[in-house]
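Data block below; observations after.
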Amino acid sequence: MTLQDSPFLRACRGLPVPHTPVWFMRQAGRSLPEYRQARADVSMLDACARPDLITEITMQPVRRYDVDAAIYFSDIVVPLRAIGIDLDIKPGVGPVVAEPIRDAGGVKQLREIEPDDLTYVTEAIGRLVGELGDKPLIGFAGAPFTLASYLIEGGPSKNHEHAKAFMYGEPELWNELMRRLSAITLGFLRTQIEAGASAVQLFDSWVGALSAEDYRASVLPHTTWIFDQLARFDVPRIHFGVGTGELLGLLGEAGADVVGVDWRVPLDEAARRVGPGKALQGNLDPAALFAPWEVVAERTRDILSRGGAADGHVFNLGHGVLPSTEPDVLARLTAFVHEQSAV
Ligand code: CP3
């Protein structure tokens, strides 16, 4: 097998596969004891800047689970930190920004990212590509709306009220903010692809907070620009958000090759909403992994069967692995998906 023949890359492209490929969002870190050990006395952001730790933590779930792809260990706020935004990742909380961005002066701080800002990314991916052989490495970045929410709110938010007030109240400045964040996102993804990542995922985790109309007017043009700019690299582009049932058609329009679906919409219905010519990724409820195995198995069979309605299916959870998930369940689930979908 070669890298380009790997089941993951083939499924992303809608080509026939020997089995449905599987990986898990947030597979690196979180529930693994070996991750907690590696991180014992290193802060999250320091870990994200150390090629030795990035390589080790990215490889940990690959060794444990036999998943079909690795995901680069980092965080969506790493490129913002790299251009000098004062922020931290607080354990159990998430990203916290020292001075939330609320005006033109704040927006102007968001300069373009240069390869020199990300030398540790290039070094870590070089090592990873060597270790992974024919297993694909997924690069990733946060999408502009999700990044904007952290920057404007100053931290995690349930209602995104400051972000929405900015979006509704200052549309021109909002567009400037989106343009600058899009350039940073593209720069981060491009560095990962040029270093050897063979697919990329754009995490727009919080975009489900928007109505379709607001998404179309204030976010879609920027996401479309990112996917257009990525087209020339010829790597599959995955687009993921949570609570996006009402946005799936628009996510399809934005231009990704693969649309990630959370657990709320069955994949056959998601395929109808997204439209033809796209692969789907998902969509087992991460909380279902705490139920008895028979429930997990039955839901997994159902997802595999409905996934057949799409032009390509990559099995995943509907959102990230929850921190208290039992690692053995993920190992068992990976083997089960491979066995049930084998042709
Ligand atoms: O998927 C992977 O395993 C790769 C690594 C990865 C991390 N963050 C590592 C991380 C990825 C892909 C992300 C993306 C990310 N970060 C998203 C999009 C995905 C999603 O879940 O919706 C978002 C919204 C963030 C922002 C963020 N960073 C949150 C919400 C948190 C969790 C806070 C917590 O402790 O519950 C972080 C911190 C973070 N990112 C951790 C890891 C392993 C935990 C850090 C720690 O161990 O202290």
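Taken as a whole, the condition of being within 12 Å of the ligand (Cβ to nearest atom), in contact (Cβ under 8 Å) with a residue 60 or more places away in the chain and open to solvent by 70 Å² or more (accessible area, probe 1.4 Å) applies to Arg26. Applying a threshold of 7 Å to beta carbon distances and a minimum spacing of six or more residues, or different chains, the list of pairs starting in the stretch 171-188 at a residue that is over 18 Å from Phe203 (Cα atoms) and ending at one that is assigned to a helix (DSSP H, G or I) and open to solvent by less than 60 Å² (accessible area, probe 1.4 Å) reads Leu173/Ala104; Leu173/Val107; Trp174/Phe166; Trp174/Met167; Trp174/Ser218; Glu176/Val107. Phe227 meets each of the listed conditions (1) open to solvent by less than 20 Å² (accessible area, probe 1.4 Å); (2) farther than 21 Å from Gly275 by Cα; (3) in a helix (DSSP H, G or I) apart from (2). How many residues does the stretch 238-257 hold that are within 15 Å of the ligand (Cβ to nearest atom), at negative phi and not in a helix (DSSP H, G or I)? Counting residues in the stretch 238-257 that are within 15 Å of the ligand (Cβ to nearest atom), at negative phi and not in a helix (DSSP H, G or I) gives 6.
When the residues of the stretch 269-284 are filtered to those that are at negative phi and assigned to a loop (DSSP other than H, G, I, E, B), the one that is surrounded by the most Cβ atoms within 10 Å (Cβ to Cβ) is Lys278.
Taking the condition hydrophobic (A, V, I, L, M, F, W, C), on the phi < 0 side of the Ramachandran plot, in contact (Cβ under 8 Å) with a residue 60 or more places away in the chain and open to solvent by 20 Å² or more (accessible area, probe 1.4 Å), does Leu317 pass? So Leu317 fails the test.
In the stretch 239-256, the residues that are under 17 Å from Thr185 (Cα atoms) form Cβ pairs under 6 Å with partners that are open to solvent by 10 Å² or more (accessible area, probe 1.4 Å) and not hydrophobic (A, V, I, L, M, F, W, C), at six or more places apart or across chains, as follows: Gly241/Gly208; Ala254/Thr224; Gly255/Thr224; Ala256/Arg237. Criterion first (in a helix (DSSP H, G or I) and either surrounded by fewer than 23 Cβ atoms within 10 Å (Cβ to Cβ) or not aromatic (Phe, Trp, Tyr) (or both)) does Arg306 satisfy it? It is true that Arg306 is in a helix (DSSP H, G or I) and either surrounded by fewer than 23 Cβ atoms within 10 Å (Cβ to Cβ) or not aromatic (Phe, Trp, Tyr) (or both). Looking only at the stretch 90-109, filter to residues that are of a type in the set (A, V, I, L, M) and open to solvent by 30 Å² or more (accessible area, probe 1.4 Å); which one of those is farthest from the ligand (Cβ to nearest atom)? Per the stated criteria, the residue is Ala104. If you check Val77, Val42, Val17, which single one turns out to be within 12 Å of the ligand (Cβ to nearest atom), among the β-branched types (Val, Ile, Thr), at negative phi and in contact with a Gly (Cβ under 9 Å, 6 or more places away or on another chain)? None of the other options fit; the residue is Val77.
The values are calculated or read from the model by the stated rules, or taken from the named source; none is laboratory data. Values in this document were obtained by computation on a predicted structure and should not be read as measured data. Every residue, glycine among them, receives a Cβ derived from its backbone with ideal geometry; neighbour counts consider all protein chains shown. For accessibility, only protein heavy atoms count, side chains too; no ligands or nucleic acids. Shrake-Rupley method; radii C 1.70, N 1.55, O 1.52, S 1.80 Å.
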